[in-house]
1. State which residue is nearest to the chain's Cα centre (by Cα) when the search covers only segment 279-321 and only residues that are of a type in the set (S, T, Y) and surrounded by 15 or more Cβ atoms within 10 Å (Cβ to Cβ).
2. Answer with yes or no whether R267 is outside any helix (DSSP H, G or I) and either out of contact with any Asp or Glu (no Cβ under 8 Å at 6 or more places or on another chain) or touching a residue at least 40 places away in the same chain (Cβ under 8 Å) (or both).
3. Going by the structure shown, is S165 surrounded by fewer than 21 Cβ atoms within 10 Å (Cβ to Cβ), at pLDDT 80 or above and not in a helix (DSSP H, G or I)?
4. Inside segment 176-199, can you point out the residues that are over 18 Å from F131 (Cα atoms) and touching a Ser or Thr at 6+ places or on another chain (Cβ under 9 Å)?
5. Kindly provide the set of residues from segment 175-196 that are assigned to a helix (DSSP H, G or I) and charged (D, E, K, R), ordered by number.
6. Residues that are in contact with a helix residue (DSSP H, G or I) (Cβ under 7 Å, 6 or more places away or on another chain) and of a type outside the set (D, E): which strands (runs of 3 or more DSSP E) entirely in segment 95-154 hold 1 or more of them?
7. Looking at (1) assigned to a helix (DSSP H, G or I); (2) of a type outside the set (F, W, Y); (3) in contact with a helix residue (DSSP H, G or I) (Cβ under 8 Å, 6 or more places away or on another chain); (4) modelled with pLDDT of 90 or more, which is the one condition that is false for A315?
Amino acid sequence: MNSPCPTLPRLAFGNASAVSNDDLEAFTAVQRSAMPTVRRYEPLDGTRAFRHRCAQARIGDLRLTATASTPLAVEVDDSPSPTLLIPFHGWSTSVLGGREYRWHAGGSAMYLPGPRRSGTSGVRSVLSITFDPSRLEATARSMLGPTPDRRLALRLESARIIPLSPTRSPAMAILKQVLPLIDLASGREEHLRLLGVDGMLYRLIALMLAPESVAPGFTSSHVTDADSAVHRVTEHIVNHLADPLSVEDLANIGGLSIRTLQVAFRRTYNCSPRDWIQRRRLVVAREKLLDHGRSDTLEDIASSCGFSSAAALIAAYSRRYGETPTATLGRTGRP
């Protein structure tokens, strides 16, 4: 018997006009209208009824999509346009380039430059903004004011987590004041242009992606140092996934105390270092299971991903993805 479908959270905008729907194909079609490279969506938990709400707005070269949905898995092909995903409720993970990123409401957004990716999420509400990188760079340079030679570090080629803490950037608080203008203008593009909403959104995106460049006064050096340490630690984990990984050793690699490392991981990924390691191992194991060209056994995959045995992989994998590794293999046609 299907479990009751949870109440969906509010959208970032368009709550009055959005309609709830339990048709996954309709949801996928709506998402493809904003992101044509969407390959597929599927409910993350097969025992839960699917449900979603969606609102869209377009202002010139900006495409905004506000969605709320029950838990999902998604696959997206290469996209020519970068996208900023801003959570208003719940958590999500994005996987690209062999690396998993976890982002959550109140803590972090996700910037995706365009390469093929996959992801999962719980019950969530997310604002997706697809934008023109050339216009963003021009907008950011105009924000440098009397010091146009100051270094501009938008890093548009790099997928990454974007911290949303007030000490990092005031952009999130301002964004929540700008989005109601879309409802005030009933989503009409010409009215939104007259209000200058597109320009405001481009400035906010620049503020989120490069606060140190366009608003250095809002940057916290402590947050920046911790972010750098977390990056070093996650790089080490990715490169030594099959090895035993202790929190003590990871703290030494990051140059932090164990407590500070745990706090930094909780702020960036909403999980502990041990949880991040487990998720990373499961992501790599799933990629190997779904790879048609591989012939390694379940024991081989478990060993290469740092699991003590195939049984340990099966137990953790089933909890995470709601199916056994054998079931995943069955969908690929591999023996």
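1. Y321
2. No: the conditions fail for R267.
3. no
4. Once the filter is applied, which keeps residues that are over 18 Å from F131 (Cα atoms) and touching a Ser or Thr at 6+ places or on another chain (Cβ under 9 Å), segment 176-199 yields D183, S186.
5. Answer for segment 175-196, where residues must be assigned to a helix (DSSP H, G or I) and charged (D, E, K, R): K176, D183, E189, E190, R193.
6. Where strands (runs of 3 or more DSSP E) fall fully within segment 95-154 and carry at least 1 residues being in contact with a helix residue (DSSP H, G or I) (Cβ under 7 Å, 6 or more places away or on another chain) and of a type outside the set (D, E), they are 99-104, 108-112, 124-130.
7. (3)
Here's the yes/no breakdown for (1) at pLDDT 85 or above; (2) assigned by TED's automatic domain parsing to the domain that holds G199; (3) surrounded by 17 or more Cβ atoms within 10 Å (Cβ to Cβ):
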site: C5; (1), (2), (3): no, no, no
site: G14; (1), (2), (3): yes, no, yes
site: A18; (1), (2), (3): yes, no, yes
site: D45; (1), (2), (3): no, yes, no
site: A49; (1), (2), (3): no, yes, no
site: A55; (1), (2), (3): yes, yes, yes
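The values are calculated or read from the model by the stated rules, or taken from the named source; none is laboratory data. None of these values were measured; they are calculated from a predicted model. Neighbour counts are summed over all protein chains in view; Cβ atoms, including those assigned to glycine, are modelled from backbone coordinates with ideal geometry.
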